[in-house]
Amino acid sequence: MKIYTYMQLIHIKRLIVENNLYIIMLTIEKLAIDPESISRKICDFIRRSVESSGLKGVIIAVSGGIDSAVVLGLAVNALGSDRVKTVTIPERDITPDRDITDVMQLTSQFNVTCDTVDITEIIHNFEKSLPEYANSDQVTKGNLKPRIRMIVSYYYANKLNSMVIGSSNRTEYMTGYFTKYGDGGVDLMPLVSLYKSQIRQLAEYLNLPRNIIEKAPSAGLWPNQTDEGEIGLDYDNLDLILYGREQGLTPRTISKELNLDISKVNAILDRVKRNEHKRHLPLILRLSSASGK
């Protein structure tokens, strides 16, 4: 019997994959979950985290989107509605009226109170105060908004002795589609192990309103902005590119299975690498406390 080295086995596996002798079919059905079991685990995580912190409850910034809606439903199931406080943080002329309507419907469904904090004037004050502020710089201007919303969320967290729960999912987290110290600035991230398509499965299980489940995902950074439009790919394909990567498939194989141009696959994989810093705490220089060296 021939014995192969570890590196030879890796090379053989790569050849098998690249020549389609072994195929991991990249279909959305591969990402099916047991929503009851997953919901139970997330609720346990939320409950344990709050109890171990010694805090009273949680703060959730609800936007009218599916992710924050799922977090709300799970948090209420975990803690009860009396320990969950929501706040919606719109921007005048940017946040659609239907988002506010959806938030009110959602918070009513889960019997939680919701405050509305309009950040339009806060944004205008930043515009007047920051040097070289340019309205044309959509990314820099856009990133101010989730950071302002983070400040509002922590105002409530401090005031009510609570934790802030974030709603980023695995797809956003891996591609870096969140703002560092903005919507990424939270105490808990209970959805980060789940792809966007799996969030939809949880939303169905939680019986969320159809208009929220079917709404085009948007960070609400500028008029008519959508996540998929900005990224340049729909969430199902995004999920499957990331899943294929985790299964060890090459970009060429992922491209072939999804019938996508390889440049689009590489663009997403490059985003994952480029945004690695967002998924880590700040770099720390550790010096000896005794000598200071």
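The values are calculated or read from the model by the stated rules, or taken from the named source; none is laboratory data. Computed from a predicted structure; not experimentally measured. Because the Cβ atoms are built from the backbone with ideal geometry, glycine has one as well, and the counts that use them run over all protein chains shown.
Is it the case that Val139 is at pLDDT 95 or above and either at positive phi or in the same structural domain as Leu206 (by TED's automatic domain parsing) (or both)? Against the criterion (at pLDDT 95 or above and either at positive phi or in the same structural domain as Leu206 (by TED's automatic domain parsing) (or both)), Val139 does not qualify. Considering only the range 256-271, I want to know if a residue exists there that is under 17 Å from the mean Cα position of the chain (by Cα) and within 29 Å of Ile94 (Cβ to Cβ). Within the range 256-271, one or more residues are under 17 Å from the mean Cα position of the chain (by Cα) and within 29 Å of Ile94 (Cβ to Cβ). Listed here are the helices (runs of 4 or more DSSP H) enclosed by the range 199-293 that have at least 2 residues being out of contact with any Phe, Trp or Tyr (no Cβ under 7 Å at 6 or more places or on another chain), exposed (fewer than 12 other Cβ atoms within 10 Å of the Cβ) and not assigned by TED's automatic domain parsing to the domain that holds Gln105: 262-274.
With a requirement of 3 or more residues that are closer than 24 Å to Tyr181 by Cβ and not charged (D, E, K, R), the helices (runs of 4 or more DSSP H) lying completely within the range 67-170 that satisfy it span 120-129, 138-160. Is it true that some residue in the range 39-52 is acidic (Asp, Glu), within 19 Å of the chain's Cα centre (by Cα) and modelled with pLDDT of 95 or more? No, the range 39-52 has no match at all.
Restricting to the range 182-192, what's the tally of residues that are in contact with a helix residue (DSSP H, G or I) (Cβ under 6 Å, 6 or more places away or on another chain) and part of a loop (DSSP other than H, G, I, E, B)?
Qualifying residue count, the range 182-192: 5.
Of the residues that make up the range 192-211, is at least one over 20 Å from Leu240 (Cα atoms) and of a type in the set (Val, Ile, Thr)?
So far as the range 192-211 goes, no, none of its residues is over 20 Å from Leu240 (Cα atoms) and of a type in the set (Val, Ile, Thr).
Say whether the condition of being small (Gly, Ala, Ser) and at pLDDT 95 or above is met by at least one residue in the range 217-232. Among the residues of the range 217-232, not one is small (Gly, Ala, Ser) and at pLDDT 95 or above, which makes the answer no. Could we say that Lys278 is farther than 26 Å from Ile33 by Cα and without any contact (Cβ under 8 Å) to a residue 40 or more places away in the chain here? No. For the residues Ser153, Ser193, the requirement of being farther than 21 Å from Ile231 by Cβ and out of contact with any Asp or Glu (no Cβ under 8 Å at 6 or more places or on another chain) singles out Ser153.
Surrounded by 14 or more Cβ atoms within 10 Å (Cβ to Cβ) and modelled with pLDDT of 95 or more: does that describe Gly80?
Criteria not met by Gly80.
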